[in-house]
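Participant: Dropping a structure here in structure tokens format, bear with me for questions.
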Amino acid sequence: MQEAQEITNKLIHESSPYLLQHAHNPVDWYPWGDQAFQKAEEEDKPIFLSIGYSTCHWCHVMAHESFEDEKVADVLNSHFISIKVDREQRPDIDQVYMSACQAMTGSGGWPLSIFMTADKKPFFAGTYFPKQDAYGKTGFIELSAQIARLWATDRQNLLKNSALISDHLSEQNRRSDTPTNVQALIDDCYAILRDSFESEFGGFSHSPKFPAPHNVLFLLKYYKAYDDAPALHMAEHTLINMHRGGLYDHVGGGFSRYSVDREWLVPHFEKMLYDNALLLLTYSEALSATENKAYRPIIDGIANYILRDMRSKYGDFYSAEDADSEGKEGKFYVFGYQELEQELSAAEMRWLENNYGVSQKGNFEGNNILHITGSAQDSDQILQKLFALRSTRPRPFKDTKRSVSWNGLMIEALCRAGEVTGNKDYIERAQEAADFILAKTQENEELYGTYKEGTKPTQAFLADYANFANSLIELYSATLELDYLQQAQSLASRMIALFWDDEDRRFYMTRKGDDELFIRPTDEYDGALPSGSSRAIECLGRLARLTGDSDFSHMFEKAVKEFTGIAADMPGAYNHFVSTLFAQIIPFRQIIITAKKDNEQARQVYKRLQKEYLPFTTLLFYDRSVEAKQVFPRLTAYDPFQSFAAYVCENFACQSPLYDPEELLKQLGLEA
């Protein structure tokens, strides 16, 4: 083992935790860059590209089986130039080659294994390969050796797929110019969710099951727009069952990435910042929409986990925690029956058996994943004992890289959780994270993508701009600090300049002039998290409605018009984008409160309205300051002499002003 550690390759100087995990492999890995491609061209060798991330379980399995193996290394080092990429640092590379893999094989995933030419054109793709033939898959040694033989003896036949894939991916970037009926598109998305809904345990597939929170967010909006009870049932049934299962960490809080079964029982134990951000937002919106108090402890459980375990000393948030510890998946999270007996009383054991599914047989490799089978009430004391027990174990690896995109999602979610629950601490922690990113942005002279202590930040992509700008809009709403809104406006303008292409009429994932890859990638599908394009359009719509800025409004309308043609071809892949289209159908309302920021009555009614689920209402607090007049020039007319005034506007017409906060709530049908 000591001898293996003395081996180092060219990844040893990289900042990515994932690349550093492979820095002592016998495989002569290169980071993505000119050096690797020039060497491949000079030596007339194909490239083996391996893409993954630091907390990916099957990436670890392939690493241990193949990349740490001398025989595999001999094949790769002799016949290929091998490149490692962290998909979280370079989502553009991942996007292009994942699309190629899906086109070639009909599926994808990580680790992503690509064989390609020195000019970056893929000719063979797959995901995990065992070292030797197994699971119905060709072994990686045999596969690599066979490709090396074909490269030497029948290269023309080997490469025939390369041009076809390039043409296919270019064709995918074209859109239909057929006008799209927005209402039909919304209804199509709803019908797809309704038809795929799993009625027993919730969710929208059988197994594996991913949370896909934006599906639930869409359903909550649909319910609000059309008073559709089935939409609310699908949303709530999914949220309740996800929490009851082992997908949720009942001891430490937070959700794992997905469940391997339809019951949400056995998770793939890695925890991602983005999943927990989107779920925190979704449970917060569900609490707001339904006033179901069962959601409050789930909100607090997610937030407490993030603030306790995933927060850096600077206030921003780490990326992920691994599924594995001590070389075994889930070991940190599960409990043996005898282990529990040694720590708990007989009464506590009976309680766990009755309410959390604990048994001598277990439900995961002889151990127990806690999941709610009875009542979760009065569980705090026992769960705290288990938390203390678990805290003595070696923790899973933590990826301390900080992604601006994912931090943006968490900042927005914490703000919304704070607004809905009244917990000011959530908003303050969100503010600290945003302030750090803004300071680091100023130091870096532009927004960055990822950052790890002691290293240079990486370049930002579309999703970084879109998600962070959206978080600043929500942070403004939560704090009424105008600087956050102005920063969001500045980022949105920069986002348009960098990523919008007027000729192609779409947002791209990478900047104008970036021709590093053989095709310029887009970020359009709403998959595990909403796409960069969906979030960019959402950002523009929010800014247009808040500030009345005609440039943002025009850009929003243009982007929506162009993107509906893309979404119409496969509505179910664009649910988050389609949720922005309610603005085209449902009359949007404005509530404008004018008062000084130190007016306690005005602030209280503003906070009261924030708790409500008002997805089709823009809530504005206009304090009549010089700065506010600059940001909201159209509100200068709403400048009465009274200490408090409120206006309710709909369909471009405002009702008479109200000078009493209670009258405003009464007009809106709300209790004081």
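Participant: Can you tell me which of GLN102, GLN89, GLN95 is in the same structural domain as GLY33 (by TED's automatic domain parsing), in contact (Cβ under 8 Å) with a residue 40 or more places away in the chain, touching a Gly at 6+ places or on another chain (Cβ under 9 Å) and of a type in the set (S, T, N, Q)?
Facilitator: Working: GLN102 fails: in contact (Cβ under 8 Å) with a residue 40 or more places away in the chain; GLN95 fails: touching a Gly at 6+ places or on another chain (Cβ under 9 Å).
None of the other options fit; the residue is GLN89.
Participant: Is there a residue in the stretch 59-81 that is under 27 Å from the mean Cα position of the chain (by Cα), assigned to a helix (DSSP H, G or I) and β-branched (Val, Ile, Thr)?
Facilitator: First pass over the stretch 59-81, keeping only residues under 27 Å from the mean Cα position of the chain (by Cα): 59-63.
Checking which are assigned to a helix (DSSP H, G or I) leaves us with 59-63.
Narrowing the set further to residues that are β-branched (Val, Ile, Thr) leaves 61.
Scanning the stretch 59-81, I find at least one residue that is under 27 Å from the mean Cα position of the chain (by Cα), assigned to a helix (DSSP H, G or I) and β-branched (Val, Ile, Thr), so the answer is yes.
Participant: Looking at the stretch 396-404, can you tell me whether even one residue there is under 21 Å from ARG244 (Cα atoms), surrounded by 11 or more Cβ atoms within 10 Å (Cβ to Cβ) and among the basic types (Lys, Arg)? Show your work before the answer.
Facilitator: Within the stretch 396-404, the subset under 21 Å from ARG244 (Cα atoms) is none.
No, the conditions are met nowhere in the stretch 396-404.
Participant: Inside the stretch 101-134, can you point out the residues that are under 24 Å from ASP74 (Cβ atoms), assigned to a loop (DSSP other than H, G, I, E, B) and over 30 Å from the mean Cα position of the chain (by Cα)?
Facilitator: Result: THR117, ALA118, LYS131, GLN132, ASP133.
Participant: Another question about this same structure. Looking at LEU307, LEU344, which one is farther than 19 Å from VAL358 by Cα, touching a helix residue (DSSP H, G or I) at 6+ places or on another chain (Cβ under 7 Å) and at pLDDT 95 or above? If you could, list the steps in order and put the result at the bottom.
Facilitator: Values: LEU344 fails: farther than 19 Å from VAL358 by Cα.
Only one candidate passes the filter, namely LEU307.
Participant: Considering only the stretch 499-510, state which residues are touching a residue at least 40 places away in the same chain (Cβ under 8 Å) and surrounded by fewer than 24 Cβ atoms within 10 Å (Cβ to Cβ). If you could, list the steps in order and put the result at the bottom.
Facilitator: Initially, the stretch 499-510 is screened for residues touching a residue at least 40 places away in the same chain (Cβ under 8 Å), giving 500, 504-510.
Selection gives TRP500, ASP504, ARG505, ARG506, TYR508, MET509, THR510.
Participant: Another question, if that's okay. Cβ-Cβ distance below 8 Å, separation of 6 or more or different chains: which pairs start in the stretch 134-145 with a residue that is outside the structural domain of ALA63 (by TED's automatic domain parsing) and end on one that is surrounded by fewer than 18 Cβ atoms within 10 Å (Cβ to Cβ)?
Facilitator: none
Participant: To continue, here is another question. Among the residues of the stretch 317-332, is there at least one that is among the aromatic types (Phe, Trp, Tyr), more than 26 Å from the chain's Cα centre (by Cα) and not in a strand (DSSP E or B)? Write out each step before concluding.
Facilitator: First, pick out the residues of the stretch 317-332 that are among the aromatic types (Phe, Trp, Tyr): 317-318, 332.
When the remaining residues are screened for being more than 26 Å from the chain's Cα centre (by Cα), the result is none.
There is no residue in the stretch 317-332 that is among the aromatic types (Phe, Trp, Tyr), more than 26 Å from the chain's Cα centre (by Cα) and not in a strand (DSSP E or B).
Participant: Further question on the same structure: Give me the pairs: first residue in the stretch 651-672 and over 16 Å from TYR638 (Cβ atoms), second residue acidic (Asp, Glu) and loosely packed, with under 14 Cβ neighbours inside 10 Å, beta-carbon distance under 8 Å, and six or more apart or on different chains, which are they?
Facilitator: So the pair list comes out as LEU665/GLU671; ALA672/GLU662.
Participant: Condition check: farther than 18 Å from SER99 by Cβ and modelled with pLDDT under 95. Does GLY513 satisfy that? I'd like the intermediate steps shown before the answer.
Facilitator: Numbers: farther than 18 Å from SER99 by Cβ: yes; modelled with pLDDT under 95: yes.
In short, yes.
Participant: While we're here: If we keep just the residues of the stretch 405-430 that are of a type in the set (Val, Ile, Thr) and more than 20 Å from the chain's Cα centre (by Cα), which is surrounded by the most Cβ atoms within 10 Å (Cβ to Cβ)? Please lay out each step first, then the result.
Facilitator: Looking only at the stretch 405-430, we keep the residues that are of a type in the set (Val, Ile, Thr), and these are 411, 420-421, 427.
Still in the running and more than 20 Å from the chain's Cα centre (by Cα): 420-421.
Numbers: VAL420: 24, THR421: 19.
Across the stretch 405-430, the extreme among qualifying residues is VAL420.
Participant: The conditions are (1) in a helix (DSSP H, G or I); (2) among the aliphatic types (A, V, I, L, M); (3) crowded, with 16+ Cβ neighbours inside 10 Å, and ALA388 fails exactly one of them. Which is it?
Facilitator: It is condition (3) that ALA388 fails.
Participant: Quickly run through the stretch 191-231 and pick out the residues that are within 19 Å of PRO615 (Cα to Cα) and over 20 Å from the mean Cα position of the chain (by Cα).
Facilitator: Those that are within 19 Å of PRO615 (Cα to Cα) and over 20 Å from the mean Cα position of the chain (by Cα): TYR222, TYR223, LYS224, ALA225, TYR226, ASP227, ASP228, ALA229, PRO230, ALA231.
Participant: Let me ask something else. Given the options ASP523, ASP515, ASP504, name the one that is within 16 Å of HIS576 (Cα to Cα) and outside any helix (DSSP H, G or I). Working first, answer last.
Facilitator: Details: ASP515 fails: within 16 Å of HIS576 (Cα to Cα); ASP504 fails: within 16 Å of HIS576 (Cα to Cα).
Criteria check complete, one pass: ASP523.
Participant: Something else about it: Please list, ordered by first then second residue, the pairs with beta carbon atoms under 7 Å, 6 or more apart or interchain, first in the stretch 27-38 and in the same structural domain as PHE67 (by TED's automatic domain parsing) and in a loop (DSSP other than H, G, I, E, B), second buried (at least 18 other Cβ atoms within 10 Å of the Cβ) and polar (S, T, N, Q).
Facilitator: Matching pairs, first to second residue: VAL27/ASN9; VAL27/SER82; ASP28/ASN9; ASP28/SER82.
Participant: Which of (1) closer than 22 Å to TYR305 by Cα; (2) among the charged types (D, E, K, R); (3) at pLDDT below 95 does GLU443 not meet, given it meets every other one?
Facilitator: Going through the list (1) closer than 22 Å to TYR305 by Cα; (2) among the charged types (D, E, K, R); (3) at pLDDT below 95, GLU443 breaks only (1).
Participant: Run down SER199, SER166, SER162, SER144 and say which single residue is of a type in the set (Ser, Thr, Tyr) and surrounded by fewer than 15 Cβ atoms within 10 Å (Cβ to Cβ). Let's see the steps before the verdict.
Facilitator: Details: SER166 fails: surrounded by fewer than 15 Cβ atoms within 10 Å (Cβ to Cβ); SER162 fails: surrounded by fewer than 15 Cβ atoms within 10 Å (Cβ to Cβ); SER144 fails: surrounded by fewer than 15 Cβ atoms within 10 Å (Cβ to Cβ).
SER199 is the lone residue from the list that is of a type in the set (Ser, Thr, Tyr) and surrounded by fewer than 15 Cβ atoms within 10 Å (Cβ to Cβ).
Participant: I'd like to check something: does the stretch 335-347 contain any residue that is under 30 Å from LYS401 (Cα atoms) and buried (at least 16 other Cβ atoms within 10 Å of the Cβ)? Full working, then the answer.
Facilitator: First, the residues of the stretch 335-347 that are under 30 Å from LYS401 (Cα atoms): 335.
Adding the requirement that they be buried (at least 16 other Cβ atoms within 10 Å of the Cβ) leaves 335.
Within the stretch 335-347, one or more residues are under 30 Å from LYS401 (Cα atoms) and buried (at least 16 other Cβ atoms within 10 Å of the Cβ).
Participant: List, please: which pairs have Cβ atoms under 8 Å, are six or more places apart or on different chains, and start with a residue in the stretch 511-522 that is under 20 Å from PHE37 (Cα atoms) and end with one that is at pLDDT below 90 and among the hydrophobic types (A, V, I, L, M, F, W, C)?
Facilitator: Taking only residues 6 or more apart or on different chains, the pairs are ILE519/LEU169.
The values are calculated or read from the model by the stated rules, or taken from the named source; none is laboratory data. Being a predicted model, the structure only gives us computed values, none of them experimental. Virtual Cβ from ideal backbone geometry, glycine too; neighbours counted across all protein chains shown.
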